[in-house]
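Here the structure is laid out as structure tokens; the discussion comes afterwards.
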Amino acid sequence: MSARRSGRTLPLHVILVAVGAVMVLPLLYAVLSGFKSTDQLSRNPIGLPKPWVTANYTGILGSGSFWKLLGNSTLIAVATTVIVVAVAALAAFSFARFAFRGREVLFTLFTVGLMFPFAVAALPLFLLLRSMDLLDNPLGVILPQAAFGLPMTIVILRGFFREIPAELEEAATLDGCGPFGFFWRVLLPMARPALGTVSVLAVVASWNNFLLPLLVFNDPKWWTIPIGVQQFQGQYTSDTARVFAYLVLAMVPALAFYSVAERQLVGGLTAGATKG
Amino acid sequence: MTSTFLPDERSGPGLVVPRPTPRNRARTRRRLLHWVTAVSFQLPALALFGVLVLLPILFALYASFFRWGGFGMPSDYTGTDNFTRLFKDPVFLGDLWRCLILVVVSLAVQLPFALAMAVLLNQRLRGRAVYRMLFFAPYVLSEVITGVLFSMIFAPGDGLADHLLGDVGLDGLGGGWFSDPSTVLATVFLVMMWKYFGFHMMLYLAGLQSIPAELTEAAIIDGAGAWQRFRHVSLPLLAPTLRISVFLSVIGTIQLFDLVWVITTGGPDHHSETMAVTLFQYGFKRYQVGYASAISVVMFGISLVFALAYQRFVLRRDLEGASTTMRGGGA
């Protein structure tokens, strides 16, 4: 029985291993290349490092600049996430639990926001931020990121908020809760999984954002990881091994976060996709 | 599931004002209060969205009618000159053409591949979770990291790609990649596929897993083979997910910027340039902000027309389901 089954699944495994190899190979190549010297890399491009050189990795970790980028990216991602989730939760609550004149118009306005290419707004947004004196200021990235994250977050949260039974709302009202009390004490605690999902999505989007920080931050003191990667590559064009090491270190936080938050992230994608 | 925060359903929501008897007046005041409460929850979102999303887009529309370098307010009104110039600009026409190619190839290659992988991983297989994590991982890496990584992998001569080709005796095939006008777009597409197919696979996998097992079992009892089960059970039930995935893929391709900017900045000689890259070039490198605004207006127009048409003709059935639950379980 089991022999027959494994016989049947063998071709599938061959395909999956082949695709898996294509997915992993670039990453593995980067990790190994980071353990070579650039000289070694040009003589021995695809073999194992011989000897293993750790100087590239330790050099980057030892300099303060990488940690500074990491700190900036973290600060911006956390602040963006707190703002977008708080603001979107209030709006989604109102969309999900109230009937009021203008609701559909407003909701359409936000959903249309899902299709605004960020590049479309980038230019005037830059001019606006300049006139508000928010260039080289983390708020200049945090606030627009939160604003552009609103449509997706509102759409997902509204779906979850709708599913909370009306009986709970009635009970809360009888116990003397006003709308905000219900929102704060009942709805938010119950929607914790949904809040987790949208938070993970917001963190990933902020962490990977490139264009906005590129426009807003002239001063290296505020650079985030993606800007740092681009700058580092430009600076060490000929020192390929060191660029590989930098890339690998820049991947680690995102991949570590992914392995911890995988379920939430994937849950969010699928909720957004199947709920329409 | 009727919300207690709903006003009296019998006379409908909103501010309907009949004869002003004292009772009606009290009701009107209650409704007004209700409306103010509902909308006040929206205010922070509206402020943020209005100022930082809607205002810039409206301003881009305004600026697209001026010849303007981006300093002070736009003053040199040129009517629709920017647009007529745009549709004679070979680079921009090339952008449109490349966008179309990438959309078609994504739909014809990337999404079917993602679907095939989702179907494979929907089976009970050893190591399924590992494959799933592996295929999806590139999606969480930033475009910049992906771009830099692949610009080194496809570096002419000493990149991984050329070495691997050399090892199997196909030296002649490599070399060009991102630097050869005839291969650059295809290579960019390969990177896009590496990065994004896992995202679509994940969507399909979620869709497949929501298909009740009874349906598949019934099909097996009726003697349907694997292909027939896929064609007549899975595929129709997956249709809403497919429609969303096509939508996201097209919108994503129209907006493509980071990956291309990092790898090629649109080169060589514009052969991988996208609309967003051209926009960036004019707006931030050459200070032709009015002209760049015209590009953003056309991009927005294309996205909007596509989105509305798609919603009207393709997504309608899916959204109808959503709007019936708007009032809660068809109450």
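The values are calculated or read from the model by the stated rules, or taken from the named source; none is laboratory data. Being a predicted model, the structure only gives us computed values, none of them experimental. Ideal geometry is used to build each Cβ from the backbone, glycine not excepted, and the neighbour counts take in all protein chains shown. Keep in mind that these areas ignore ligands, DNA and RNA; they rest on the heavy atoms of the full protein, side chains included. Shrake-Rupley method; radii C 1.70, N 1.55, O 1.52, S 1.80 Å.
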Exercise. Can you tell me how many residues in the range A:247-261 are more than 12 Å from the chain's Cα centre (by Cα), over 19 Å from A:Thr58 (Cα atoms) and facing chain B (nearest Cβ under 9 Å)?
Worked result: 1
Exercise. Which residues, counting only those in the range A:214-261, are of a type outside the set (S, T, N, Q) and not in a helix (DSSP H, G or I)?
Worked result: A:Phe217, A:Asp219, A:Trp223, A:Tyr236, A:Asp239
Exercise. Failed condition for B:Thr146, given (1) modelled with pLDDT under 90; (2) within 29 Å of B:Gly94 (Cα to Cα); (3) of a type in the set (S, T, N, Q); (4) in contact with a helix residue (DSSP H, G or I) (Cβ under 7 Å, 6 or more places away or on another chain), with all others met?
Worked result: (1)
Exercise. Restricting the first residue to the range B:233-253 and requiring it to be within 12 Å of another protein chain (Cβ to nearest Cβ), which pairs with a second residue that is surrounded by fewer than 19 Cβ atoms within 10 Å (Cβ to Cβ) and among the basic types (Lys, Arg) meet a Cβ separation below 9 Å and a spacing of at least six or different chains?
Worked result: B:Ala239/B:Arg317; B:Pro240/B:Arg317; B:Arg243/B:Arg317
Exercise. Limited to the range A:87-108, what total is found for residues that are aliphatic (A, V, I, L, M) and facing chain B (nearest Cβ under 8 Å)?
Worked result: 6
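Within 19 Å of B:Phe306 (Cα to Cα), open to solvent by less than 40 Å² (accessible area, probe 1.4 Å) and among the aromatic types (Phe, Trp, Tyr), is that true of B:Phe92?
Yes; evaluated as a whole, the condition is true for this residue.
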Problem set entry | Selection count, the range B:131-167, where residues are more than 8 Å from chain A (Cβ to nearest Cβ), more than 17 Å from B:Val184 (Cα to Cα) and touching a residue at least 40 places away in the same chain (Cβ under 8 Å) | 2
For this session: Sort through A:Trp223, A:Trp207 and tell me the only one that's more than 11 Å from chain B (Cβ to nearest Cβ), closer than 30 Å to A:Leu41 by Cβ, under 24 Å from the mean Cα position of the chain (by Cα) and aromatic (Phe, Trp, Tyr).
Result: A:Trp223
Exercise. Counting only residues that are open to solvent by 40 Å² or more (accessible area, probe 1.4 Å) and over 18 Å from A:Leu25 (Cβ atoms), how many does the range B:117-131 have?
Worked result: 7
Exercise. So, in the range B:254-270, of the ones that are within 13 Å of chain A (Cβ to nearest Cβ) and polar (S, T, N, Q), which residue ends up farthest from B:Ile295 (Cα to Cα)?
Worked result: B:Thr265
Exercise. Is it true that B:Val104 is within 30 Å of B:Thr253 (Cβ to Cβ), assigned to a helix (DSSP H, G or I) and in contact with a helix residue (DSSP H, G or I) (Cβ under 8 Å, 6 or more places away or on another chain)?
Worked result: no
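Per-residue answers, yes or no, for (1) surrounded by 15 or more Cβ atoms within 10 Å (Cβ to Cβ); (2) within 24 Å of B:Ala129 (Cβ to Cβ); (3) more than 10 Å from every other protein chain (Cβ to nearest Cβ); (4) touching a Leu at 6+ places or on another chain (Cβ under 8 Å):
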site	(1), (2), (3), (4)
A:Thr9	yes, yes, no, yes
A:Val14	no, yes, yes, no
A:Gly34	yes, no, yes, yes
A:Asp39	no, no, yes, no
Exercise. So A:Leu135 fits all but one of (1) over 19 Å from the mean Cα position of the chain (by Cα); (2) aliphatic (A, V, I, L, M); (3) at the interface with chain B (Cβ under 7 Å from one of its Cβ atoms); what number is the exception?
Worked result: (3)
Exercise. Based on what the data block shows, is A:Leu143 under 30 Å from A:Asn218 (Cβ atoms) and either of a type in the set (Phe, Trp, Tyr) or within 9 Å of chain B (Cβ to nearest Cβ) (or both)?
Worked result: yes
Seminar exercise, completed: Reported set for the range A:143-156 where residues are within 17 Å of the chain's Cα centre (by Cα), in contact (Cβ under 8 Å) with a residue 60 or more places away in the chain and within 18 Å of A:Arg103 (Cβ to Cβ) is A:Leu150, A:Thr153, A:Ile154, A:Ile156
Problem set entry | Matching entry among A:Thr153, A:Thr111 (being out of contact with any Lys or Arg (no Cβ under 7 Å at 6 or more places or on another chain), part of a helix (DSSP H, G or I) and either closer than 25 Å to B:Pro138 by Cβ or open to solvent by less than 20 Å² (accessible area, probe 1.4 Å) (or both)) | A:Thr153
Problem set entry | Evaluation of A:Ile60 against (1) surrounded by 12 or more Cβ atoms within 10 Å (Cβ to Cβ); (2) modelled with pLDDT under 85; (3) more than 9 Å from chain B (Cβ to nearest Cβ) (one fails), failing number | (2)
Exercise. Which condition does B:Arg98 not pass, out of (1) touching a Leu at 6+ places or on another chain (Cβ under 9 Å); (2) within 14 Å of chain A (Cβ to nearest Cβ); (3) part of a helix (DSSP H, G or I), if it passes all the others?
Worked result: (2)
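In contact (Cβ under 8 Å) with a residue 12 or more places away in the chain and either surrounded by 24 or more Cβ atoms within 10 Å (Cβ to Cβ) or polar (S, T, N, Q) (or both): is that true of A:Ala119 in this structure?
Yes, satisfied.
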Problem set entry | the range B:171-214 - residue that is open to solvent by 30 Å² or more (accessible area, probe 1.4 Å) and within 15 Å of B:Val119 (Cβ to Cβ) and, of those, modelled with the lowest pLDDT | B:Ser210
For this session: Scan the range B:271-278 and give yes if some residue there is at the interface with another protein chain (Cβ under 9 Å from one of its Cβ atoms) and without any contact (Cβ under 8 Å) to a residue 12 or more places away in the chain, otherwise no.
Result: no
Exercise. Which condition breaks for A:Leu25 when tested against (1) open to solvent by 70 Å² or more (accessible area, probe 1.4 Å); (2) over 26 Å from the mean Cα position of the chain (by Cα); (3) under 26 Å from B:Arg128 (Cα atoms); (4) among the aliphatic types (A, V, I, L, M)?
Worked result: (2)
For this session: Return only the number of the condition from (1) within 20 Å of the chain's Cα centre (by Cα); (2) open to solvent by less than 30 Å² (accessible area, probe 1.4 Å); (3) touching a residue at least 24 places away in the same chain (Cβ under 8 Å); (4) facing chain B (nearest Cβ under 8 Å) that A:Phe244 does not satisfy.
Result: (1)
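Here is a yes/no grid of residues against (1) closer than 24 Å to B:Ser142 by Cβ; (2) out of contact with any Ser or Thr (no Cβ under 6 Å at 6 or more places or on another chain); (3) of a type in the set (D, E, K, R):
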residue: B:Lys195; (1), (2), (3): yes, no, yes
residue: B:Phe199; (1), (2), (3): yes, yes, no
residue: B:Leu203; (1), (2), (3): yes, no, no
residue: B:Pro212; (1), (2), (3): no, yes, no
residue: B:Leu215; (1), (2), (3): no, yes, no
residue: B:Ala218; (1), (2), (3): no, yes, no
residue: B:Gly223; (1), (2), (3): no, yes, no
residue: B:Ala226; (1), (2), (3): no, yes, no
residue: B:His232; (1), (2), (3): no, yes, no
